[in-house]
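Have a look at the structure below before the remarks.
What follows is calculated from the coordinates using simple rules that are stated; it is not laboratory data. Since we're looking at a predicted model, the values are computed, not measured. Glycine also receives a Cβ, built like all others from the backbone with ideal geometry; neighbour counts cover every protein chain displayed.
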Amino acid sequence: MAKVARISISLEGELLGQLDRAAVEDGYPTRSEAVKAFIRGALVEKEWKDGGKVAGAVVSVYDHHRRNLVGRLVGIQHDFGDVIISTQHVHLDHHNCLEIAVVRGDVRRIRRLVAGLRSIKGIKHSALVATTTGSGIA
Ligand code: NI
């Protein structure tokens, strides 16, 4: 286990209250665990801003009956085969499909993939879950 350092920080009472409420709402067992998670969240955000190697998932919902949609979707997935690790398809109901593309690679490539998916007419929603490969975050 990594050596733990104890630090002391000063916070205004109102900010501390907000931290503690957020920690409880988000389910963290202690203030320390909440602070660690918030720091990691900021570091992941920085990874995505700095343009390094990241990981994540792109979740899209669409009507598969929509003309040309599935062909365009599969075409884009082939174009970005270098960053798409796997896809999972779920038939939500008679019309709607949910597809998860797990991605890993260069931030700019992944953003281009997301933009490509969003450019397809008939995609009802496409959300990026931006996370980390884990190698740059303790
Ligand atoms: Ni389906």
Name every residue in region 14-49 that is among the β-branched types (Val, Ile, Thr) and surrounded by fewer than 10 Cβ atoms within 10 Å (Cβ to Cβ), in order of residue number. Thr30
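Please verify whether region 40-52 includes one or more residues that are within 16 Å of the ligand (Cβ to nearest atom) and of a type outside the set (D, E, K, R).
No, region 40-52 contains no residue that is within 16 Å of the ligand (Cβ to nearest atom) and of a type outside the set (D, E, K, R).
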Determine the pairs where a residue that is free of Cβ contacts under 8 Å to residues at least 40 places away in the same chain, located within region 109-133, has a partner that is part of a strand (DSSP E or B) with Cβ atoms under 6 Å apart, the partner being 6 or more residues away or on another chain. Arg118/Ser126
Would you confirm, using the coordinates I've provided, whether Leu11 is more than 30 Å from Ser86 (Cβ to Cβ), among the hydrophobic types (A, V, I, L, M, F, W, C) and surrounded by 13 or more Cβ atoms within 10 Å (Cβ to Cβ)? no
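I'd like the residue in region 77-107 that is within 16 Å of the ligand (Cβ to nearest atom) and of a type in the set (Asp, Glu) and, out of all such residues, is nearest to Val61 (Cα to Cα). Steps first, please.
Within region 77-107, the first condition is being within 16 Å of the ligand (Cβ to nearest atom), and the residues that meet it are 77, 87-101.
Imposing the further condition that a residue be of a type in the set (Asp, Glu) reduces the set to 93, 99.
On the way: Asp93: 11, Glu99: 6 Å.
If we take residues in region 77-107 being within 16 Å of the ligand (Cβ to nearest atom) and of a type in the set (Asp, Glu), then Glu99 is nearest to Val61 (Cα to Cα).
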What do you reckon, is Asp63 among the acidic types (Asp, Glu) and more than 14 Å from the ligand (Cβ to nearest atom)? no
What are the residue pairs meeting all of these: first residue in region 81-93, first residue within 18 Å of Ser126 (Cβ to Cβ), second residue of a type in the set (A, V, I, L, M) and near the ligand (Cβ under 9 Å from one of its atoms), Cβ atoms under 8 Å, and 6 or more apart or on different chains? His89/Leu98; Val90/Leu98; Leu92/Leu98
Region 1-52: number of residues that are out of contact with any helix residue (DSSP H, G or I) (no Cβ under 9 Å at 6 or more places or on another chain) and in contact (Cβ under 8 Å) with a residue 60 or more places away in the chain: 5
